[in-house]
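A short reminder: the numbers here are calculations on the coordinates, not readings from a lab. Everything numeric here is computed off the predicted structure, so don't read it as measured data. Note: ideal-geometry Cβ built from the backbone for every residue, glycine included; neighbour counts use all protein chains shown.
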Amino acid sequence: MPTPPIVTLQAEGLARVFGRGRSRHVAVQPLDLAIDSQTSLGIVGESGSGKSTLSRLLVGLDTPTEGEVLLDGTTIRRMLGTPSGMRRFRRTVQFVAQDTFSSFDPRRKLRDSVATPLRVLRGVRGEEAEQEILDVLSLLKLDPAFLERYPSQISGGQRQRFALARALVVRPRILMCDEVVSALDVSVQGAVLNMIREYCDTHAVGLGFVSHGLPATAFIASTLLVMRHGEVVEYGPTAQVIDDPQHEYTKELLDAYRRGPRHLRTEVVA
Ligand SMILES: Nc1ncnc2c1ncn2[C@@H]1O[C@H](COP(=O)(O)OP(=O)(O)OP(=O)(O)O)[C@@H](O)[C@H]1O
Ligand SMILES: [Mg+2]
């Protein structure tokens, strides 16, 4: 199979401020980063550090206060301004949100939620769509019988895997995942992480992996970005960040991680 051309998602001076006056809050301070279809970027930090805000900006679900996001050099602001540009962007960049409950329409069966992006973004329908959906469900160890259920009729962990399935059927070139394994049972976290890593490697998909958990992030990502209070405190190759952290906060995260549950260390970190 020929390797598809590299796709790059970049942030330049990207920032997000919420509120005004006394309620003004800088959720993301101006930052630069890049994810391309050959790399995996792990974004890690404590709760409230701005990870979800950053990921929503990167996938065009929120508008920056400053700076730009670019896909292969074109601002996504411009792309998202036209229906065809929007389709091209959504076809290339897929997002799995942290809150999977609100990211599914409660009135639609899961089959419909998974089949729609396949039809709208890739023009695949009928038998072919059915087969592709079954293939992705099997990859994620999801029972095809769930397709006839509504989002509220499956567990949080199953819904999280369904959200991943809905993103993967689009065959994106960049996949942004916000806390995709957090609602999963520890026993399946490792399997899902392995699956995502292998999928991205074999299909040349760039990964943005957001998590408050350092072990999972370090396992899956070749590059780590550590956030604190909306600021990037560390950004570099994973091995380098782990071996030689520059910032006090990264050292604290690493200490907590080394003191953490042994099963996570051995299971998740190869
Ligand atoms: N729509 C919004 N309006 C106002 N403030 C917001 C909004 N969204 C996020 N914030 C604030 O921005 C900061 C960063 O939030 P964000 O959800 O990005 O953090 P996070 O790192 O993803 O946290 P968690 O690990 O808990 O998911 C928080 O202080 C949050 O309260
Ligand atoms: Mg979050």
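Summary table
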quantity: The chain - charge dipole about Cα centre, Lys and Arg +1 at Cβ, Asp and Glu -1, debye rounded to 20; calculated: 920 debye
quantity: Dipole magnitude of the stretch 131-224, debye to nearest 20 (Cβ charges: Lys/Arg +1, Asp/Glu -1, about Cα centre); calculated: 120 debye
quantity: Positive-end residue, the chain charge dipole about Cα centroid, Cβ charges, pick of Met86, Gln29, Gly230; calculated: Met86
quantity: Spin-label pair Ala145/Arg107, simplified geometry with 7 Å Cα→Cβ offset, distance in nm; calculated: 2.8 nm
quantity: Förster radius 22 Å - calculated FRET efficiency between Leu134 and Asp201, Cβ distance, rounded to 0.05; calculated: 0.45
quantity: Antiparallel bridges, percent of DSSP beta bridges restricted to the chain (to nearest 5); calculated: 55 percent
quantity: Beta bridges per DSSP with both ends in the stretch 120-270, % antiparallel, nearest 5; calculated: 55 percent
quantity: Cα-based reach from Lys109 at 20 Å (exclusive), listing lysines while leaving out same-chain residues under 8 positions away; calculated: Lys141
quantity: Within the chain, helix-based [θ] at 222 nm, where runs of 4 or more DSSP H residues each add -39,500 (n - 2.57), nearest 500; calculated: -12000 deg cm²/dmol
quantity: Filtered trypsin sites (Lys or Arg not before Pro), the stretch 130-174: DSSP coil and at most 12 other beta carbons within 10 Å; calculated: Lys141
quantity: Restricting the stretch 5-102 to trypsin sites (Lys or Arg not before Pro) in coil, as DSSP defines it, with at most 16 other Cβ within 10 Å; calculated: Arg20, Arg24
quantity: Other-chain or far-sequence residues with amide H under 5 Å of Phe209's (modelled H); calculated: Leu41, Gly42, Ile43, Cys177
quantity: Other-chain or far-sequence residues with amide H under 5 Å of Val233's (modelled H); calculated: Val226, Met227, Arg228
quantity: Whole-number percent relative contact order across the stretch 1-114, with pairs defined as alpha carbons under 8 Å at least 6 apart; calculated: 25 percent
quantity: Relative contact order of the stretch 64-128, defined on C-alpha pairs under 8 angstrom at six or more residues apart (%); calculated: 19 percent
quantity: Gained length - His247 relative to Ser155, 0.36 nm times residue gap less alpha-carbon distance; calculated: 29.3 nm
quantity: Whole-angstrom gap from the stretch 134-201 to the stretch 78-93, using each part's C-alpha centre; calculated: 24 Å
quantity: The stretch 25-114: GluC sites (Glu not before Pro) in DSSP loop, at most 16 other beta carbons within 10 Å; calculated: Glu46
